[in-house]
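Written below as structure tokens is the structure these notes are about.
The values are calculated or read from the model by the stated rules, or taken from the named source; none is laboratory data. Small disclaimer: the values here were computed from a predicted structure and weren't measured. Every residue, glycine as well, gets a Cβ built from its backbone with ideal geometry; the counts of neighbours run over all protein chains shown.
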Amino acid sequence: MSYSAAKNSQMQKKLRQEAKALLEQGKVDCIIGYEPGSLKHATTPLITKDKAATERLVINPFIVNNLSNFLPYTKGRIGIVAKGCDSRSIVSLIQDNKVKREDLFILGVPCSGLIDVSKVEALVGKYRDEIDDISRQGDIITVKVGAAKKEFSLSQVMFDNCLACELPTPAEYDVLLGEPTSPIGAAAESAGKLDELKAMTAAQRWAFWQNEFRRCTRCYACRNVCPACYCKRCFVDETEPQWLAPMPQEPDNLMFQIIRNLHVSGRCTDCGECERTCPVNIPLRALTRDMYDIVDELFEFKSGMDTKTQPLLTAYEVDEAEDLVK
Amino acid sequence: MTQDSEWEPRLLGLLCKWCSYAGADLAGTGRKKYPANIRIIKVPCSGRIDPLLIVKALRLGFDGVLVSGCHPGDCHYQTGNYRARRRLAITRKFLEGMGVDPRRLRATWVSASESGKFVEVVSDLVKDLKEIGPNELFGGKKQPDAEKAKTGS
Amino acid sequence: MADSKKVRKEDLAGLLTEWSRDYAVLAPSRADGVARMAAWDGEDISFLDWYRNTINPVKSLFLPPVEEMFSISRNERGHRIELPPKDDTGCLVFGVRPCDARSLILLDVVFEDAYEDPYYLDRRRRSIVVGLCCTNPCDSCFCTSVDSGPAATAGMDIMFTDIGDNLLVEGISRKGKELVAGNATLAKATRTDENRARKIRLAAEKKITRKIDTGDSKERLLAVFEDESFWQQVSAKCVSCGVCTLLCPTCYCFDINDAMTGGEGSRCRSLDSCAFSSYTKMPMENPRADKWRRVRNKLCHKYEFYPMLFDNIACTGCGRCIRLCPVNWDITQVLDSLPAKHESKI
């Protein structure tokens with residue numbers, strides 16, 4: 001199904017009705033969705049118990065947050081708006097017993113991909129707030145700055161992870177808000193930094209990452225927006241023993257991110273939130289994507305695809321990875 | 001890579017207490033000679049090994065890490081080594097992707113009676129590490145020197 | 001604008017080179033992919049075209065994200081403690097935006113108040129802050145609501161304003177006036193230049209449409225302080241990361257840690273964030289274990305506690321916390337939504 005603004009507003013209308021009804025009928029205690037953000041071309045999570053607030057719910061190509069991140073911290077029965085990628089995170093949380101399926105009402109959004117505003121900024125040489133309009137019709141994105149109008153293709157402006165999306169329509173849902181969509185199917189164009197890195201020598205790769213992490217602020221936005229990072233106490237907050245220095249210094253910044261990736265292996269769905277939220281633009285998705293591919297290559301495992309699968313690191317096959325052992 | 005002829009790699013061994021640690025012990029009581037480059041930490045099961053321990057060892061400057069558990073099917077807790085194997089495979093592959101020589105992380109199975117194998121594996125790893133050279137990944141910081149710390153010298 | 005000077009844009013590099021003789025000159029750069037203050041490379045002034053503000057606020061030059069306080073090494077007799085080598089070079093930061101310059105005034109008070117913080121104050125004393133008037137503020141900026149504005153000069157030694165082919169140059173502090181007065185590269189500004197600057201500043205001020213009433217925010221916050229349901233709602237979407245605090249120009253919480261390996265290493269001070277659940281965990285537990293308490297603290301510190309102590313709002317309206325927030329949590333919306341004093345239950 002190709003994207004159209006009309007279909008999108010149909011979905012939005014249905015979402016508002018469903019969400020309102022869920023609250024009215026007491027089927028859920030709260031709704032987690034998106035509402036317009038306070039910045040241009042942005043949305044913000046809406047977490048509400050108020051039926052009137054459901055009128056503010058939106059669906060558009062800027063619903064970037066992975067809302068499943070809120071689930072382990074939200075009490076009661078929850079109605080949650082989920083794109084395909086979010087639904088995978090939800091499924092992963094269910095597999096890990098962090099949330100119960102019966103406590104969720106999943107409002108599935110068949111997603112046609114999200115627009116990466118920072119890509120648009122780079123393409124038109126303007127900042128987010130200087131861009132007057134970004135709209136999508138079919139597979140063309142039109143960007144307006146003043147009187148000037150430019151058109152871009154999906155692979156130019158969609159998030160890298162959207163280009164490689166394997167599940168645009170949630171597999172797990174209670175109500176699907178529109179007709180299923182098909183993947184953009186531009187995986188070849190989605191690797192971002194990863195292709196560059198693969199062409200480098202090992203020493204160059206390590207030097208690249210050392211340099212990137214020099215500017216890490218240790219704000220932990222990557223960890224805190226990650227649905228797979230739900231530990232009540234993260235290893236970086238341990239003091240006895242102190243695994244790494246709790247301050248933004250270079251070798252530890254890098255070590256933190258290595259461990260974080262190892263800890264979420266098999267649960268990371270390549271949703272891209274860590275990279276999107278990094279205030280200092282560290283290309284984190286080159287790490288998460290690599291891990292995603294490694295897990296798939298070694299164990300034919302794709303995280304969050306169905307609730308019945310055992311989590312990657314709690315399962316095993318008797319005959320696997322033996323070539324590792326010498 | 002050319003090295004200072006005096007340079008000796010340091011490696012950390014994370015050994016399962018039920019098999020590999022006993023295997024190492026047997027090598028000692030059997031007066032088998034193995035390189036003194038290894039520092040050993042006894043773990044309750046190879047399944048206990050968080051990748052954090054491996055990366056931390058590299059952060060501290062160890063040139064290599066040896067993880068050794070019971071042979072498949074022999075785990076004291078039935079499945080710990082199978083789980084470890086998955087985790088280690090991922091860790092090694094991921095570190096390789098970032099630019100770490102995968103030979104720095106060696107996994108093996110050594111039973112309580114295989115003191116010979118233990119000696120072999122350690123010797124082989126030391127040989128590998130001599131080829132790879134010192135670990136300067138995290139700024140080449142020295143690892144804590146146990147002797148020095150004890151005597152305060 | 002009485003004694004204002006000007007410099008042609010093509011001469012700016014020359015002026016900075018001149019200053020480089022006496023000072024380490026820092027200027028906006030995006031060499032590593034993020035806009036930040038970095039050692040000026042000796043020629044690049046392209047930031048005049050692209051620069052709006054840095055990701056790291058100017059505080060990071062004076063209260064760095066991490067700094068070594070002293071190092072600890074060992075010898076035959078035991079441990080040896082060494083202070084980092086003393087740095088006496090003066091530092092000239094070019095292009096500081098008015099919001100960030102103002103933050104220095106707010107921070108100075110803190111670091112000279114109950115005790116004098118030598119690390120911060122030493123760097124401050126060695127610094128010259130050269131401001132650059134804002135001509136293209138962001139939609140997240142709200143400086144005009146917190147006693148600042150795109151042309152405010154508080155905290156600056158010198159202010160530059162882009163007036164087309166030239167930059168208008170004004171000495172603000174005594175230090176700044178001296179530097180400007182004795183400089184041969186600077187020409188006297190004409191009345192036309194000054195008028196143009198005035199117009200540009202007015203236009204910039206008009207661009208700031210995000211406005212909040214901060215007149216009685218202190219009282220309103222006090223009134224709503226105990227209202228848990230209000231704060232629960234306000235904090236619901238916060239993910240407790242450190243973006244808004246670590247990158248805030250006025251947040252100054254720090255932590256002290258030893259980075260030791262094998263009995264040697266250093267004692268470091270680094271920024272901390274009250275948004276973290278592990279904040280102040282070193283003596284015991286975080287007294288603000290609930291997220292809503294942490295969000296409340298962040299807001300109240302800026303708009304209630306600090307003003308009680310120092311008569312100023314500890315926010316400069318730079319908008320970083322709004323535009324960099326992973327969930328677009330918006331401090332101005334929250335302040336707007338505070339119930340008026342008489343509406344509150346308490």
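Screening A:Cys216, A:Cys274 for residues that are in contact (Cβ under 8 Å) with a residue 24 or more places away in the chain and within 25 Å of C:Thr261 (Cβ to Cβ) leaves exactly one candidate, A:Cys216.
Among the residues making up the range A:294-326, those that are within 23 Å of A:Ile94 (Cβ to Cβ), out of contact with any Leu (no Cβ under 8 Å at 6 or more places or on another chain) and without any contact (Cβ under 8 Å) to a residue 40 or more places away in the chain are A:Asp296, A:Glu300, A:Lys308, A:Thr314, A:Ala315, A:Tyr316, A:Glu317.
Does C:Ala236 satisfy being at pLDDT 95 or above, under 23 Å from the mean Cα position of the chain (by Cα) and surrounded by 15 or more Cβ atoms within 10 Å (Cβ to Cβ)?
Considered against the rule, which asks whether it is at pLDDT 95 or above, under 23 Å from the mean Cα position of the chain (by Cα) and surrounded by 15 or more Cβ atoms within 10 Å (Cβ to Cβ), C:Ala236 comes out as no.
Those helices (runs of 4 or more DSSP H) of the range C:42-133 in which 3 or more residues are crowded, with 16+ Cβ neighbours inside 10 Å occupy C:59-62, C:98-112, C:118-125. Among all residue pairs at least 6 apart or on different chains, which show Cβ distances below 8 Å where the first residue, located in the range B:85-101, is more than 7 Å from chain A (Cβ to nearest Cβ) and the second is surrounded by 21 or more Cβ atoms within 10 Å (Cβ to Cβ) and of a type in the set (Lys, Arg)? From residues that are more than 7 Å from chain A (Cβ to nearest Cβ), the pairs are B:Leu95/B:Arg104. Among the conditions (1) touching a Cys at 6+ places or on another chain (Cβ under 6 Å); (2) among the polar types (S, T, N, Q); (3) facing another protein chain (nearest Cβ under 9 Å), B:Ser111 misses just one, which is (3). At least 2 residues being under 19 Å from A:Cys226 (Cα atoms) and of a type in the set (Gly, Ala, Ser) is the threshold, and among the strands (runs of 3 or more DSSP E) wholly inside the range A:92-183 not one reaches it.
Give the residue that is surrounded by the fewest Cβ atoms within 10 Å (Cβ to Cβ), with candidates limited to residues of the range C:13-41 that are in a loop (DSSP other than H, G, I, E, B) and charged (D, E, K, R). Among those that are in a loop (DSSP other than H, G, I, E, B) and charged (D, E, K, R), it is C:Asp41. What about C:Glu178, is it surrounded by fewer than 19 Cβ atoms within 10 Å (Cβ to Cβ) and not assigned by TED's automatic domain parsing to the domain that holds C:Val130? It is false that C:Glu178 is surrounded by fewer than 19 Cβ atoms within 10 Å (Cβ to Cβ) and not assigned by TED's automatic domain parsing to the domain that holds C:Val130. Just checking, does the range A:255-274 include any residue being within 16 Å of A:Leu312 (Cβ to Cβ) and of a type in the set (Phe, Trp, Tyr)? No; the residues of the range A:255-274 include none that is within 16 Å of A:Leu312 (Cβ to Cβ) and of a type in the set (Phe, Trp, Tyr). Any residue at all in the range C:252-272 that is assigned to a loop (DSSP other than H, G, I, E, B), in contact with a Pro (Cβ under 9 Å, 6 or more places away or on another chain) and among the hydroxyl-bearing types (Ser, Thr, Tyr)? Checking the range C:252-272: not a single residue is assigned to a loop (DSSP other than H, G, I, E, B), in contact with a Pro (Cβ under 9 Å, 6 or more places away or on another chain) and among the hydroxyl-bearing types (Ser, Thr, Tyr). Scanning the range A:1-41 for residues that are among the small types (Gly, Ala, Ser) and buried (at least 18 other Cβ atoms within 10 Å of the Cβ) turns up A:Ala19, A:Gly33, A:Gly37, A:Ser38. Take the conditions among the hydrophobic types (A, V, I, L, M, F, W, C) and touching a Ser or Thr at 6+ places or on another chain (Cβ under 7 Å) and apply them to B:Ile54. Does it pass? So B:Ile54 fits the description; yes. Of the residues making up the range A:289-326, those that are within 16 Å of A:Leu167 (Cβ to Cβ) and of a type in the set (Ser, Thr, Tyr) are A:Tyr292, A:Ser303, A:Thr307, A:Thr309.
Filtered by the rule that a residue be out of contact with any helix residue (DSSP H, G or I) (no Cβ under 8 Å at 6 or more places or on another chain) and either touching a residue at least 60 places away in the same chain (Cβ under 8 Å) or not assigned by TED's automatic domain parsing to the domain that holds C:Glu18 (or both), the range C:80-100 gives C:Thr89, C:Val96, C:Arg97.
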